[in-house]
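The values are calculated or read from the model by the stated rules, or taken from the named source; none is laboratory data. Here the structure is a predicted model, which means the values were calculated and not measured. Methodologically, a virtual Cβ is constructed for each residue, glycine included, from the backbone with ideal geometry; neighbour enumeration extends over all protein chains shown. Areas reflect the complete protein model, heavy atoms only, side chains present, ligands, DNA and RNA absent. Shrake-Rupley method; radii C 1.70, N 1.55, O 1.52, S 1.80 Å.
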Amino acid sequence: MDKGNLSIFDEICTEDYRCHFPWSQKPLNREVHKRIMEGNLAAFPDYNHTVEDIISHGDKVVVRVTNRGTHKGNFYGTPPTGKEVEFSVISITRFVDGKVAEMWAEFDSLDLNQQLGRELKPWEGEK
């Protein structure tokens with residue numbers, strides 16, 4: 001993915017692959033996850049990640065990575081800032097027959113948004 005080869009999703013993920021992100025109310029399928037990565041790579045064309053830790057048990061693998069990139073394209077409504085960003089992601093991946101069947105990803109989106117200079121308002125609870 002660091003090189004923009006998103007067809008890798010079709011090779012390594014099951015057809016019924018599901019990805020759980022904290023901002024999505026329902027799991028994403030393989031095609032939607034691929035489109036999100038296309039948008040991320042357009043916003044951060046030099047995107048790369050460094051694997052910091054890998055822990056496996058049974059059919060699951062936990063990975064902690066550090067993501068880096070330069071904000072050179074539109075990112076969810078934020079025009080390019082030219083800022084370099086760095087943020088951590090921790091994911092749990094479940095495998096079936098050697099392919100990725102399901103993934104849960106958690107990351108500090110507040111930190112990423114602050115690095116981009118996006119103004120975020122604190123949640124004030126339900127009104």
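Listing for the model above:
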| quantity | calculated |
| --- | --- |
| Kirkwood estimate for the range 3-127, i.e. one over the average of 1/r between Cα atoms, Å | 15.8 Å |
| Positive-pole candidate from Ser91, Tyr47, Thr70, dipole of the range 1-123, charges at beta carbon | Thr70 |
| Relative contact order, percent, the chain [alpha-carbon distance under 8 Å, six or more residues apart] | 22 percent |
| Average accessible surface area per residue within the chain, 1.4 Å rolling probe, Å² | 66 Å² |
| Protein-only accessible surface order, largest first, of Tyr47, Tyr17, Tyr76 at 1.4 Å | Tyr76, Tyr47, Tyr17 |
| Two-decimal Rg/Rh across the range 4-43, once Rg and the Kirkwood Rh are taken from alpha-carbon atoms | 0.97 |
| Size of electric dipole in the chain: Cβ of Lys, Arg +1 and of Asp, Glu -1, about Cα centre, debye, nearest 20 | 260 debye |
| C-alpha long axis of helix 30-43 to longest principal axis of the chain, angle in ° | 40 degrees |
| Added length on full extension, which subtracts the Cα-Cα distance from 0.36 nm per residue, Val62 to Asn48 | 3.2 nm |
| C-alpha center-to-center spacing [the range 54-107, the range 1-15] in angstrom | 14 Å |
| Once the Cα gyration tensor of the range 51-93 is diagonalised, semi-axes √(5λ) in Å | 30, 11, 5 |
